[in-house]
Amino acid sequence: MFARCQVRAPRSLKHGPSSSPLRSAARAYSSTTEQSHEPPNARNSSRPRPIYRNFLSGLSVGLVLAVGWLAYDTYNQRDPFTAYSLVGKEPVSSTASILHLEPKSKTRDLELYKDAWRKGIWNVQFKQPQLQIVRAYTPLPPGDGSTGQEKGELRFLIRRDPHGEVSSYLHKLSPGAGIEMRGPYLEYELTPEVQQIAFFAGGTGIAPALQVAHALFEGDKTDPSRKDKKLHILWANRTRDDCLGGVSDSPPDTALPPKPTWSGLFSSTKSKPKQTSPPSQEKGVIVKELEALKQKYPGQITVEYYVNTEDTWIDEDAVFRALARFDDKVFTSSAASQEQRQILISGPPGFISYLAGPKEWRNGREEQGSVSRLVAHALSRHPHNVKVWKI
Ligand SMILES: Cc1cc2nc3c(=O)[nH]c(=O)nc-3n(C[C@H](O)[C@H](O)[C@H](O)COP(=O)(O)OP(=O)(O)OC[C@H]3O[C@@H](n4cnc5c(N)ncnc54)[C@H](O)[C@@H]3O)c2cc1C
């Protein structure tokens, strides 16, 4: 689903490795002999004869495999998997379920996980044992009154991709089954300066939003500014199924300034947010958790729901309205450091890209990339000193 980059991982938590297959594959090299630009003499004198050539290429492939295996083995020894059991599976929509996991034996990493909950956004990795591939998943914060945290229990909102290897594997497991897991890997660290966040979540990208809510309001209970912190979540889903019964908080009373003439090039033509069907009496599990948070922290959390099949979309105006929720009175000009107000975007790569442009690969590392598209356009209409993070 997501392609996330590692941001400011502190020393106490692990740095996230890429979710690439664990098996190392030998590359198929094409022969370059015929296209060589070396002069004929050099070719004759320096090239080994075929038998040696075969031997040498076999040796180099062997060496590449051995080095790959050694790196993988060393990495696994340094960052081993822990055995967990699936203790419950709770369907939340036609394509997603919440999986409840518990360590098979007393885990020594309990403090590491407690630290992660206070820090910000983090994930763990599950292994698909037959194919030996791993994928990252984001734990949901423990519900109110949950005692599971002391036992190291974790919950995950996992969407089943019918053609996906690991998500299908996880969804097929029955309660009691074993799962290999490792982590935690920190992706984004919430600093004490952060006061207001606009969080754009796509699909299961709501899990990182809930982690942020947890760290922001439950993290440092000694922080006196905790009561003034604000979180606005815009949650987009393909179908109502995933956010059943969710009703958006009304937008702030802000007049939208005229759009620059070029903005129509970038925003969706179907972009008008509207509530097309009456809200369902029944409420989805995540909607209930969001409402519980709103009740627990009145005035501090607001949520807007967007459902593609109902023709409601996060467009430039929605981003603009989210920016208008930043309380300017609290942040007067120079006093406002960029750190205090943040826009976080989490979801599939297409969602992140649509809102703020893609993340970029540089020197084998995934980096934030520049901020463009809807977020950049909205910021140009309503300048704010904000930090933007693509999660
Ligand atoms: C940091 C992080 C946190 C995440 N947290 C969550 C979370 O909390 N919940 C969650 O549900 N997901 C989460 N994800 C996404 C998750 O890691 C997986 O990417 C997702 O479950 C799909 O993995 P899969 O193995 O099932 O699918 P894959 O096997 O990787 O396949 C994905 C899609 O690609 C297609 N595909 C595969 N191979 C090919 C091919 N050769 N040609 C064409 N198409 C192909 C498949 O048909 C499928 O539709 C997170 C991702 C990251 C990076």
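Per-residue HN-Hα couplings for segment 99-115, Karplus 6.51 cos²θ - 1.76 cosθ + 1.60 at θ = phi - 60°, whole Hz, x for Gly and Pro?
Each residue's phi maps through the Karplus curve to give 9, 9, 10, 9, x, 5, 10, 4, 8, 7, 8, 3, 5, 4, 6, 4, 5 Hz.
Based on the mean of other beta carbon atoms within 10 Å per residue, what is the order of 89-97, 311-319, most packed first?
Final packing ranking: 311-319, 89-97.
Can you work out ³J(HN,Hα) from phi for every residue in segment 284-290, in order, using Karplus 6.51 cos²θ - 1.76 cosθ + 1.60 and θ = phi - 60°, giving whole Hz and x for Gly and Pro?
Each residue of segment 284-290 in turn: x, 4, 6, 4, 4, 5, 5 Hz.
Using amide H atoms built in the peptide plane, which far-off residues or other-chain residues are under 5 Å from Leu190 H to H?
Answer set, sorted by chain and number: Gly120, Ile121.
Below 14 angstrom from the Cβ of Glu218, what's the summed charge of the other residues (Lys, Arg +1; Asp, Glu -1)?
Net of charged neighbours comes to +3.
Under 5 Å between amide hydrogens, which residues at least 5 positions from Leu140 or on another chain qualify, with H placed 1.01 Å from N in the peptide plane?
Arg155, Phe156, Leu157
Identify all aspartates and glutamates with a Cα-Cα distance to Lys296 below 13 Å; exclude those on the same chain that are fewer than 8 residues away in sequence.
Asp144, Glu218
Could you give the dipole magnitude of segment 118-196 about its Cα centre, charging the beta-carbon of Lys and Arg +1 and that of Asp and Glu -1, in debye to the nearest 20?
260 debye
Report, by chain and number, residues whose modeled amide H sits under 5 Å from the one on Val87, excluding near sequence neighbours (fewer than 5 apart, same chain).
Long-range HN contacts for Val87: His100, Leu101, Glu102, Gly176.
If you average the alpha carbon positions of segment 94-121 and of segment 146-194, how far apart do those two centres end up, in angstrom?
7 Å
Roll a 1.4 Å probe over the protein heavy atoms and report the accessible area of Lys104 in Å², nearest 10.
120 Å²
Pop out the ³J(HN,Hα) list for segment 349-356 in order, Karplus 6.51 cos²θ - 1.76 cosθ + 1.60 with θ = phi - 60°, rounded to Hz; leave Gly and Pro as x.
Result, rounded to whole Hz: x, x, 5, 4, 5, 4, 7, 9.
Give me the net charge of Glu180's neighbourhood, meaning all other residues with Cβ under 13 Å from the Cβ of Glu180; Lys, Arg count +1, Asp, Glu -1.
Cβ neighbours under 13 Å give a net charge of +3.
The values are calculated or read from the model by the stated rules, or taken from the named source; none is laboratory data. Note that the coordinates shown come from a computational prediction; the quantities given were computed from them, not determined experimentally. Note that we place each Cβ from the backbone using ideal geometry, even for glycine, and neighbour counts take in every protein chain shown. Keep in mind that these areas ignore ligands, DNA and RNA; they rest on the heavy atoms of the full protein, side chains included. Shrake-Rupley method; radii C 1.70, N 1.55, O 1.52, S 1.80 Å.
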